[in-house]
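Single-structure report; data block below.
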Amino acid sequence: MKKEEPKWMARQGFYAKAGNDFVGVRLTPDGPKLFVNQEEYELNRPCWDVEMVMGRSFNIVNFYWCGEAKLSIRCRADNELFMPLYDYLSCQSPSIRPA
């Protein structure tokens, strides 16, 4: 049996509303881009980082651009978007990931 990709990876992108913000990733001819409302961040550039702080009931996902925090989201540990988003960002090719 062929292993299926998770549904969120088969799309051209995905987004969610987090508080008053819209957050997501979209695939473009220039590579994937993370967006927070109207701001876009090119994930093929080496100046970003992501981290997750995992707790019992809640997780915190932080996204940094050029060392500056651009996004910090506190979400329930069972959130169905932000864990895949963190996985997607943290598994990018080492050639485009910061050290």
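The values are calculated or read from the model by the stated rules, or taken from the named source; none is laboratory data. These numbers were taken from a predicted model, which means no experiment stands behind them. Please note: Cβ atoms are built from the backbone with ideal geometry, for glycine as well, and neighbour counts cover all protein chains shown.
Quick one: how many residues across region 73-85 are among the hydrophobic types (A, V, I, L, M, F, W, C), in a loop (DSSP other than H, G, I, E, B) and either more than 10 Å from the chain's Cα centre (by Cα) or at pLDDT 85 or above (or both)?
Of the residues in region 73-85, 1 are among the hydrophobic types (A, V, I, L, M, F, W, C), in a loop (DSSP other than H, G, I, E, B) and either more than 10 Å from the chain's Cα centre (by Cα) or at pLDDT 85 or above (or both).
When you go through (1) within 21 Å of GLU39 (Cα to Cα); (2) loosely packed, with under 14 Cβ neighbours inside 10 Å; (3) modelled with pLDDT of 80 or more one by one for LYS70, which number turns out not to apply?
Here LYS70 clears every test but (2).
Which condition does MET52 not pass, out of (1) at pLDDT below 90; (2) out of contact with any helix residue (DSSP H, G or I) (no Cβ under 6 Å at 6 or more places or on another chain); (3) assigned to a strand (DSSP E or B), if it passes all the others?
Single failed check for MET52: (2).
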